[in-house]
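Working notes, beginning with the structure itself.
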Amino acid sequence: MNATIETILAHRSVRDFEDKKLTKEQIETIVKCAQSASTSSFIQAYSIIGVTDQAKKDQLASVAGNQSYVAKNGHLFVFCADFYRHEVIGEMEDANILQTIESTEKFMVGLIDAALAAQNAALAAESMGLGICYIGGLRNDLPKVCELLEIRERVIPLFGMVVGYPAKMNEQKPRLPLEHLYHENRYEAEKESYQQQLLTYNETIKHYYDTRTAGERVETWTEQMARTLSRRTRMYMHEFVKQKGMNKH
């Protein structure tokens with residue numbers, strides 16, 4: 001097993017950081033690694049906003065559900081799907097590209113490009129001995145995020161990523177078993193077998209929470225998912241995305 005695979009397999013979310021900022025060189029290295037990710041048809045439909053202003057970080061932490069680590073970290077990156085530059089390209093080249101960049105297909109390209117770039121950034125940071133945590137809570141109020149970060153039309157902030165020197169490392173959360181996730185040649189989901197795999201995984205997760213919280217939390221994964229997915233959250237998103245000039249058709 002090489003060092004790259006060891007870094008990938010050692011991943012865990014870090015939510016407690018030392019009071020130490022990343023250097024300019026570290027930030028630039030992480031961003032360059034993000035840029036080295038694959039991008040659909042060389043479109044490069046994303047941007048990354050680094051947030052160093054503490055007042056803005058505090059407000060973003062509030063948006064994200066008062067997550068303290070959004071305010072207290074080595075650096076905060078915000079990953080965005082971005083077709084503003086392509087709108088500019090259309091004007092520069094006198095090309096009619098609006099229907100294309102407003103399509104669901106290109107919306108998906110922006111999401112995928114940003115996610116690939118972010119994962120490259122995460123692996124780069126972790127290979128440098130840093131810890132990371134993705135911040136989906138920014139989507140609680142994207143209009144507020146856009147206001148704080150002065151984000152243009154055709155640009156959608158998707159998620160944040162906090163990076164820093166870990167003050168505490170949690171145990172890894174056990175993932176779904178490989179045989180439940182990986183299929184060959186066809187999607188295999190014989191229902192009884194599928195349910196049994198989930199029941200087995202439930203026992204693993206229940207033990208994980210029980211051990212981590214000294215018995216204060218005993219919960220299965222299917223219970224957690226059923227509760228999470230029963231809540232209607234961020235239901236404004238469809239209209240917000242269309243107002244941003246994406247996913248219109």
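Nothing in this text is a laboratory measurement; each read-out follows from the coordinates by a stated rule. In this text the structure is predicted, and so the values were computed from the model without any measurement. FYI the Cβ positions are ideal-geometry reconstructions off the backbone, even for glycines, and counts take in every protein chain you see.
So, by mean Cβ neighbours within 10 angstrom, what's the order for 195-201, 1-7, 158-164 with the highest one leading? Before the final figure, lay out the partial values.
Values: 195-201: 13.9, 1-7: 9.4, 158-164: 23.7.
For the peptides 195-201, 1-7, 158-164, the packing ranking is 158-164, 195-201, 1-7.
Highest mobility in the GNM of the chain, judged by mean-square fluctuation with C-alpha springs under 10 Å and restricted to T23, T220, T228, is found for T228. Among L111, L138, L98, the largest mean-square fluctuation in a Gaussian network model of the chain (Cα springs under 10 Å) belongs to L98.
Take every DSSP beta bridge whose two residues both sit in the chain; close to 95 percent of them are antiparallel. The alpha-carbon of K173 sits under 22 angstrom from the alpha-carbons of these lysines, leaving out residues fewer than 8 places away in its chain: K206. Placing +1 on the Cβ of every Lys and Arg and -1 on the Cβ of every Asp and Glu, with nothing else charged, gives segment 148-202 a dipole about its Cα centre of roughly 280 debye.
Apply the a/c threshold of 1.5 to the C-alpha gyration tensor of segment 150-249 and tell me whether it is rounded, prolate or oblate. Before the final figure, lay out the partial values.
Values: a/c = 2.15, a/b = 1.41, b/c = 1.53.
Taking the square roots of the gyration eigenvalues as a ≥ b ≥ c, segment 150-249 is oblate.
With the cut-off at 19 Å, tell me which of the pairs K32/K56; K57/K168; K20/K168 have Cα atoms farther apart than that. Please list the in-between numbers first.
Values: K32/K56 24 Å; K57/K168 21 Å; K20/K168 14 Å.
Flagged as over cut-off: K32/K56; K57/K168.
In the chain, one over the average inverse separation of all distinct C-alpha pairs is 20.2 Å, which is the Kirkwood hydrodynamic radius.
Using a ≥ b ≥ c from the Cα gyration tensor of segment 1-86 (square roots of the eigenvalues), is it rounded, prolate or oblate, where a/c under 1.5 gives rounded and otherwise the larger of a/b and b/c decides, a/b for prolate? Kindly include the intermediate steps, with their values, before the conclusion.
On the way: a/c = 1.88, a/b = 1.14, b/c = 1.65.
It is oblate, given that a/c is not under 1.5 and a/b is not larger than b/c.
Reducing segment 205-235 and segment 76-112 to their Cα centroids gives an inter-centroid distance of 37 Å. The GluC sites (Glu not before Pro) found in segment 187-249 that occupy coil by DSSP, while having at most 13 further C-beta atoms within 10 Å, are E188, E190, E216. Within the listed set Y134, Y236, Y187, the Gaussian network model of the chain (springs between alpha-carbon atoms below 10 Å) gives the highest mean-square fluctuation for Y187. Overall, the chain carries a charge dipole of about 580 debye about its Cα centre when +1 sits on the Cβ of Lys and Arg and -1 on the Cβ of Asp and Glu, all other atoms neutral. Membrane-span-like helices in the chain (whole DSSP H runs, Cα extent of at least 18 Å along the helix axis, mean Kyte-Doolittle hydropathy of at least 0.0): 104-127.
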